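The values are calculated or read from the model by the stated rules, or taken from the named source; none is laboratory data. None of these values were measured; they are calculated from a predicted model. All Cβ positions, glycine included, derive from the backbone under ideal geometry; neighbour counts span all protein chains shown. These accessible areas exclude ligands, DNA and RNA; they are computed on the full protein's heavy atoms, side chains included. Shrake-Rupley method; radii C 1.70, N 1.55, O 1.52, S 1.80 Å.
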Amino acid sequence: QVQLVESGGGLVQPGGSLRPSCAASGNIFSIPSMGWYRQAPGKQRELVAGATSGGITNYADSVKGRFTISRDNANNKVYLQMNSLKLEDTAVYYCNAEVQRRRLPGVYAYWGQGTQVTVSS
């Protein structure tokens, strides 16, 4: 089994910063891709940022230039540096990992429990 544990959400004023993190553990051989999604009340879950193990990143247009995703491949961790936060960034942020498990074929998607990010004045 694989577990993803997030931390680092919270309450911040507009223009502020947060840096949530996510750690993957368990039966892991490799993690080709890790990313962050978010879901605001009444809206669908959307991709915020993704990063491959080789360093390729992608971002939603709404966060480009403000958010930076980074990975610590040796420790199976992913971070999301969020700067210049806006009211509309308020959501539950979920960590996602595409995991290849040891001695098992295929790549499977795992999700964290979510961390609340609230931007409010």
> If you take the residues in region 87-114 that are farther than 14 Å from R38 by Cα and among the charged types (D, E, K, R), which one is modelled with the lowest pLDDT?
Replying inline: R103
>> Can you tell me which condition V117 does not meet? The list is (1) open to solvent by 50 Å² or more (accessible area, probe 1.4 Å); (2) farther than 15 Å from M34 by Cβ; (3) touching a helix residue (DSSP H, G or I) at 6+ places or on another chain (Cβ under 8 Å), and all the others hold.
In response: (1)
> Given A91, A51, A24, which one is touching a Leu at 6+ places or on another chain (Cβ under 8 Å), among the small types (G, A, S) and crowded, with 18+ Cβ neighbours inside 10 Å?
Replying inline: A24
> For V107, all conditions in the list (1) more than 25 Å from Q1 (Cα to Cα); (2) touching a residue at least 60 places away in the same chain (Cβ under 8 Å) hold save one; what is the number of the exception?
Replying inline: (1)
>> Against the conditions (1) open to solvent by 60 Å² or more (accessible area, probe 1.4 Å); (2) free of Cβ contacts under 8 Å to residues at least 24 places away in the same chain; (3) in a loop (DSSP other than H, G, I, E, B), where does N58 fall short? Just the number, please.
In response: (3)
> What's the number of the condition G15 fails, among (1) open to solvent by 60 Å² or more (accessible area, probe 1.4 Å); (2) in a loop (DSSP other than H, G, I, E, B); (3) touching a Ser or Thr at 6+ places or on another chain (Cβ under 8 Å)?
Replying inline: (1)
> L80 fails exactly one of the following numbered conditions: (1) under 14 Å from C22 (Cα atoms); (2) open to solvent by 50 Å² or more (accessible area, probe 1.4 Å); (3) in a strand (DSSP E or B). What is the number of that condition?
Replying inline: (2)
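Restricting to region 62-77, name every residue that is within 24 Å of V12 (Cα to Cα) and either under 15 Å from the mean Cα position of the chain (by Cα) or surrounded by 12 or more Cβ atoms within 10 Å (Cβ to Cβ) (or both). Walk me through how you get there before you give the answer.
Filtering region 62-77 for residues within 24 Å of V12 (Cα to Cα) gives 62-71, 77.
Listed by number, the residues that qualify are S62, V63, K64, R66, F67, T68, I69, S70, R71, K77.
State all residues of region 28-45 that are surrounded by 13 or more Cβ atoms within 10 Å (Cβ to Cβ) and either free of Cβ contacts under 8 Å to residues at least 40 places away in the same chain or of a type outside the set (F, W, Y) (or both); if no residue qualifies, say none. Even if it seems obvious, please write down each step before you answer.
Residues of region 28-45 surrounded by 13 or more Cβ atoms within 10 Å (Cβ to Cβ): 28, 30-31, 33-40, 45.
Listed by number, the residues that qualify are I28, S30, I31, S33, M34, G35, R38, Q39, A40, R45.
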> Can you find even one residue in region 94-108 that is assigned to a strand (DSSP E or B), exposed (fewer than 15 other Cβ atoms within 10 Å of the Cβ) and of a type in the set (F, W, Y)?
Replying inline: yes
